[in-house]
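The values are calculated or read from the model by the stated rules, or taken from the named source; none is laboratory data. Remember, predicted model here, so these are calculated numbers, not experimental data. Positions of Cβ are backbone-derived with ideal geometry, glycine not excepted, and every protein chain shown enters the neighbour counts. Quick note on the areas: whole protein, heavy atoms, side chains included, nothing else; ligands and nucleic acids left out. Shrake-Rupley method; radii C 1.70, N 1.55, O 1.52, S 1.80 Å.
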Amino acid sequence: MPESSSAKNALLSVKNLKIEATSYPPGEPPKTVTLVEGVSFDLQKGKVLGLIGESGAGKSTIGLSALAYGRGGVRITGGQVLLDGKDILTLDKNGIRSIRGARVCYVAQSAAAAFNPAHRLGDQVIEASLRHGIMSREEAKKRALYLFQVLGLPNPESFGERYPHQVSGGQLQRAMTAMALCPNPELIVFDEPTTALDVTTQIDVLAAIKHAIEETHTAALYITHDLAVVAQISDDIMVLRHGKTVEYGTTKQVIEAPREDYTRALVSVRQTKRDEAPDQTGTQLKIEHVSAGYGNGFKVLHDVSMHLPKGQTLAIVGESGSGKSTLARVITGLLPPTEGRITFEGKELPRALKGRSTDELRRIQMIYQMADTAMNPRQTVRDIVGRPLSFYFGMHGAKKTARVKELLDQIEMGTRFLDRYPAELSGGQKQRVAIARALAAEPELILCDEPTSALDPLVAEGILNLLLKLQEETAVSYVFITHDIAIVRAIADSVAVMHRGRLVRFGPKSKVLAPPFDDYTDLLLKSVPEMEIGWLERVLATRRMESAGN
Amino acid sequence: MNLRAIPFSAWIGIAGIAIAIFCALFAPVIAPFGERDVVGDIWLPAGGDFLLGTDNLGRDLLSRLIYGARTTIFVALAATVLSFSLGMILSFTAAVMGGFVDQFFSRFNDLMMAIPTLIFALVVLAVLPQHLWILILVMAVLDSTRVFRIGRAVALDVAVMEFVEAARLRGEGSTWIIFREILPNTLSPLLAEFGLRFAFSILFLSTLSFLGLGIQPPAADWGGMVKDNKDGIIFGISAALIPGAAIATLAICVNLVVDWLMKRTSSLKGGRGDA
């Protein structure tokens, strides 16, 4: 363990932390659940510690404990949280209040939800400093201006005059960082600050945060599930799982020489690459010059054409707002295209859902990003998977049950899940059930709309492997919508890059992901964090060189 | 279902409703006197032969209360169930179909709601012949406008969820979407509304009876009994308060049960809930 000897002069020292919560299962007596147990670490002034783990690992809970705070029903029941040698868990309400927002600040995942939409950004950024009486309004404004400059926000002089809805998501996240830095805190807790952002935006925010931390010598806890991100920004890394420490060491050691199996799995995740199919001439699905839009004349897709051979995978990549999900809606018929046509198996598909026959509907199925909302919470797995069977094939009784069991086997889940409700499944299991529902229709094409982006890396890899296995077994084709280049490398045969509703690049994977690049593809590929220390600096350096060269 | 999981408050509600229903079913057996029999002096105090005293005509108050449970509960329950069936089917159809159907139903509903309920009811009931089923029907139709509004709001919320979209993509018809996808996910707010509407139905019926257009005398109903005995209050006679208390108790009991049901359905396996 690093620096255990120097715990005395650590800024934040967490010792043997234990956090519990009470859960209320319906119809049963309340239960006490241990969320975090036996977690200890030290954080020096000006250093960054990355907390990493999958959802439910307790990383946010630990982060909030640095503010002596527990979310609804969560109690810190054991251990110490020493800030400058003083245990903040023993402080009374006023004592804690004088620390929160002054000495320790918090940056939330969704800046859009964390800002008050009714107030100007500038007022919100300096609010904590004023409330705590740390500085006068003039001083605070000056500091905010300085921070806006450090964080690279556009027009720093007038930025504070704007309202939250007038700036982009990436800028809002940086404004939130400015808000946290404004009172000159000793420690900032970053709770997944870049998770909700596009890769191209993420890199800017990441660079800004790193620069600001270095500039102000603030210590930080950086919480994320993305090891590649944390490798760029932190000095030490703690890997958490089920509320316990798996591994704790310097970033270099954890990334380059992980000691535990779990860490090794995290480091090596998504390094699978699949060779593309050699013959890509067939056209099961053909999209020709499709344009589409919402409402009165607002066009989201402009003249998009691509095709997909039978039994292969077409990956559609792009950041949010690029129109990739809209394209999926056009293919399903939920959004009729205004121009162009879609041919499936040599026959033109009717534009709107209403015009399509049951059999046409059956042959194209869809898997959603959020399995939670894609399944009726009041139906059991048996009903969810069984409905397409009775709807398309008229199955019922024992025959239907047998087929549902078969499908559950296919998605590597046992029959004991038959009578569970979606809420009784984990995120990965839910997505598997959603895949089984799509499979039940015996489709020829499955549209996958970011099916793994809401999942933890290891679980996501399991889902990807399952999809590949199913493709081998049933020769189903996939249109796979994603923003993640690593996934594209892993599963695609052909790739379409989209930007602002236009097709930027389309072709076999080997061609699209190889130079010479167009500007946008280049930016997209370079923005994907790599599991390598110093990657961020390198990318930024090349960017500076390029702009200097121009 | 586990009987132990039912909270104490719900047991109180269940007990209250059970007593009321028992009274309604076995009124002739348990009532000490007849519904319409004048058995004593007017406004006798409680005690003696008359457990709760007598009313403004000298009829036994307890007996009338027991008989009154019959009409009050039957009419209010029938009207509420009917208004819910009507309001929910129409509102869900509007939410699922959207477009013209939605506009037509919603604007018609607005039109109905623009007319003050009580005045509307008074006019219609004055014109139509005085049958019990007409009374129930008028109450149901007027109440269904409220159900329509809340039903459409909650159904719209669910209708945009991805699992409904998935059902549409499968090619399911509106009936399946309404009854299998949307209805189970909107039960919590609608159950809450049911409890409230039932209580309002009792009050509305009482109002109508009070104005002479509800249950016709000499048949007993709780609202009418309040009206019959209201003059007694001036003389310090509490006869009017007893049926009033009965109305309040029943309304509270129904809501205690509904609260519990609502918690149960919304916590059930991660439903969208507020409990």
Open item on the list: Please give me the summed charge of the neighbours of A:A398: other residues whose Cβ is under 14 Å from its Cβ, Lys and Arg +1, Asp and Glu -1.
Closed with: +4
Task: Amide N proximity, the stretch A:360-380 versus A:E442 label position 7 Å along Cα-to-Cβ, cut-off under 19 Å - done: A:360-366
Open item on the list: Is the C-alpha gyration tensor of the protein assembly as shown telling us rounded, prolate or oblate? Criteria: a/c under 1.5 is rounded; beyond that, a/b larger than b/c is prolate, otherwise oblate.
Closed with: prolate
Task: Spacing of the two label points (7 Å from each Cα toward its C-beta) at A:E412 and B:D110, in nm - done: 5.5 nm
- [ ] Taking the Cβ of A:Y368 as the centre, find all other residues whose Cβ is under 14 Å away and add up their charges (Lys, Arg: +1; Asp, Glu: -1).
- [x] +2
Open item on the list: Restricting to DSSP H runs of at least four residues, report the calculated mean residue ellipticity at 222 nm for chain A, -39500 (n - 2.57) per run over all residues, nearest 500 deg cm²/dmol.
Closed with: -11000 deg cm²/dmol
- [ ] Express in whole angstrom the spacing between the alpha-carbon centres of the stretch A:484-550 and the stretch A:285-319.
- [x] 20 Å
Open item on the list: So the label point goes 7 Å from the Cα of A:T22 along Cα→C-beta, right? Which residues of the stretch A:75-111 then have their backbone N under 19 Å from it?
Closed with: A:75-78
- [ ] Calculate how steeply helix B:117-127 sits against the longest principal axis of the alpha-carbon atoms of chain B, using the helix alpha-carbon long axis, and give the answer as 0 to 90 degrees to the nearest 10.
- [x] 70 degrees
Open item on the list: Can you classify the stretch B:1-89 as rounded, prolate or oblate using the Cα gyration tensor, where a ≥ b ≥ c are the square roots of its eigenvalues, rounded means a/c under 1.5, and otherwise it's prolate if a/b beats b/c and oblate if not?
Closed with: oblate
- [ ] With the full set of protein chains in place, find how many percent of the accessible area of the stretch A:437-550 is carbon and sulfur; take the probe as 1.4 Å.
- [x] 55 percent
- [ ] Specify the inter-centroid distance of the stretch B:211-257 and the stretch B:1-53, based on alpha-carbon positions, in whole Å.
- [x] 14 Å
- [ ] Give the accessible surface of the stretch A:29-141 per residue, rounded to a whole number of Å², with probe radius 1.4 Å and ligands, DNA and RNA excluded.
- [x] 49 Å²
TODO: Estimate for me the total accessible surface buried between chains B and A (protein heavy atoms, probe 1.4 Å, no ligands or nucleic acids), in Å² to the nearest 100.
DONE: 2200 Å²
Open item on the list: Mean Kyte-Doolittle hydropathy of 0.0 or higher plus an axial Cα length of 15 Å or more: which whole DSSP H helices in chain A meet both?
Closed with: A:121-131, A:169-181, A:199-216, A:381-393, A:457-474
Task: Nearest 10 degrees, 0 to 90: helix B:61-97 Cα axis against chain B principal axis - done: 10 degrees
- [ ] Please work out the FRET efficiency for the pair B:F210 and A:K354, using the Cβ-Cβ distance as r and a Förster radius of 51 Å; give the result to the nearest 0.05.
- [x] 0.45
Task: With every protein chain in place, the stretch B:1-156: carbon and sulfur % of accessible area (1.4 Å) - done: 73 percent
TODO: Please work out the Cα center distance from the stretch A:206-252 to the stretch B:107-178, rounded to the nearest Å.
DONE: 56 Å
Open item on the list: Need one number: nm distance between label points at A:K405 and A:S320, each 7 Å from Cα along Cα→Cβ, rounded to one decimal.
Closed with: 4.4 nm
- [ ] Give the shape of the stretch A:258-416 as rounded, prolate or oblate, defined through the alpha-carbon gyration tensor: a ≥ b ≥ c are the square roots of its eigenvalues, a/c under 1.5 means rounded, and otherwise the shape is prolate if a/b is larger than b/c and oblate if not.
- [x] oblate
TODO: Report the local net charge at A:E260: Lys and Arg +1, Asp and Glu -1, summed over other residues whose C-beta lies under 13 Å from its C-beta.
DONE: +2
Task: Residues A:S110 and A:Y146, FRET efficiency given R0 of 35 Å [Cβ-Cβ distance, rounded to 0.05] - done: 0.85
Task: A:D419-B:L203 FRET efficiency (beta carbon distance; Förster radius 41 Å; 0.05 resolution) - done: 0.40
Open item on the list: If the reach is capped at under 24 angstrom between alpha carbons, list the lysines near A:K347, excluding any in the same chain fewer than eight residues apart.
Closed with: A:K286, A:K310, A:K324
Open item on the list: Return the equivalent ellipsoid semi-axes of the stretch B:9-265 as a descending list in whole Å, where each equals the square root of 5 times an eigenvalue of the C-alpha gyration tensor.
Closed with: 41, 20, 13
